[in-house]
Amino acid sequence: MPSKYQPQVSAWREDLYKGVYTTQLHLSNNKKLRYANDDYCEFSRHIIGMGYFIRIIFTLVFFVANLMCIACIFTTSLVIIYFQDLRILAIFIEFLMIFLLYIFFQMFLHYLYAPEDCPVRFNRKTGKIYIYDHFILYFGTFAIFTRSPLKVKEITVKEFNWADIQGCMTSVSVPLASGGMIRNYRLECVVCEPNTTKVIDHFLLAADNSLGYEEWMWINSYMAFSDNNLDAEFMPEEDFTWPIKVKWPEEIDKKSKASSLEEYQQIDAEYKKLGNK
């Protein structure tokens, strides 16, 4: 049975219940909670394995890989010019190196310039949510071939209504040469047109190699003001963080922290007025 939210997200597994979750134990936030008060909470979408030292290692690895590809392209260009017998093979190798250079260059820039985190804010007083998005979240998708690597510093901030958000679980399996397989699960949030099941956007909430709904259950209960069963422990602080920090735009930062819909509307009006000047 397909998802009721159409068009269906890729690798869909199941639609998730939206509402208050009750369990005997506290609902865990899976150590993804960056901040929470009575107005809003902020969840981390920190990529697993993207620690400070890991990023340095991968940055150096892809830098060297780029240099090797450039050297190979230069060498094959000389072969094409001076060795006619090897020209066809050299042309094939050169095209392959150009393709690899594009991929390695893009990955080098992303590991170098991606922010330390790409959080999501949920404001239960205004019913709004805010997405701090960066392309690094979508490695492994077809988008890596369609997005310019020169936009690597580009941050997209989106605002949605919580009422239009639904949850889906997706999964991808990769077979192993030794037998068995590795399965990756992703909690995706789809954005629907108001009062419909027509999907107009979607974003990643969490990814893991085991099936879990912790973040989704925690957020649902929080947005419904059901706090009694919530684990409020914040995510652990790292000893080292990447130099490129999370920086919400001033307008979005104020809106996302508003204590009421009236305050939100006032902030919105102030910035619209400034924009008209």
Report task. Could you work out how far the C-alpha centroid of region 177-221 sits from that of region 234-252, in angstrom? Result -> 23 Å
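Calculated FRET efficiency, S171 and V20, Cβ-Cβ r, R0 45 Å, to nearest 0.05?
Numbers: r = 25 Å, r/R0 = 0.57.
That pair, S171 with V20, gives E of 0.95.
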Report task. Rank L96, L211, G179 by how far each Cα sits towards the positive end of the charge dipole of the chain (+1 on Lys, Arg Cβ; -1 on Asp, Glu Cβ) and give me just the farthest. Result -> L96
Query raised in the report: Of the peptides 68-74, 109-115, 269-275, how do they stack up when ordered by the mean number of other Cβ atoms within 10 Å, highest first?
Result: 109-115, 68-74, 269-275
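On a 22 Å Cα-Cα criterion, which of the cross-link pairs K198/K273; K125/K158; K245/K272; K158/K273; K31/K153 come out too long? Working shown, then result.
Values: K198/K273 33 Å; K125/K158 18 Å; K245/K272 27 Å; K158/K273 20 Å; K31/K153 27 Å.
From the list (K198/K273; K125/K158; K245/K272; K158/K273; K31/K153), the Cα-Cα distance tops 22 Å for K198/K273; K245/K272; K31/K153.
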Query raised in the report: Share of antiparallel DSSP beta bridges in the chain, in percent to the nearest 5?
Result: 95 percent
Query raised in the report: Label points 7 Å out from Cα along the Cβ direction at N195 and K153: separation in nm?
Result: 4.5 nm
Requested in this report: Starting from the Cα gyration tensor of region 53-113, multiply each eigenvalue by 5, take the square root, and state the resulting semi-axes largest first in whole Å.
Outcome: 29, 9, 7
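So how do 182-195, 75-88, 213-226 stack up, highest first, on mean other-Cβ count within 10 Å? Spell out each step's value before the answer.
Working: 182-195: 16.6, 75-88: 12.8, 213-226: 20.4.
Those peptides, ordered most packed to least, come out 213-226, 182-195, 75-88.
Hull surface divided by four, with the convex hull built on the Cα atoms of region 10-121: how many nm²? Display every interim value, and only then the final one.
Values: hull surface 46.9 nm².
Mean projected area for region 10-121: 11.7 nm², to one decimal.
None of the figures in this text is laboratory data; all of them are computed from the coordinates on show. Small disclaimer: the values here were computed from a predicted structure and weren't measured. Quick reminder, even Gly has a Cβ in these numbers, built from the backbone with ideal geometry, and neighbours come from all protein chains shown.
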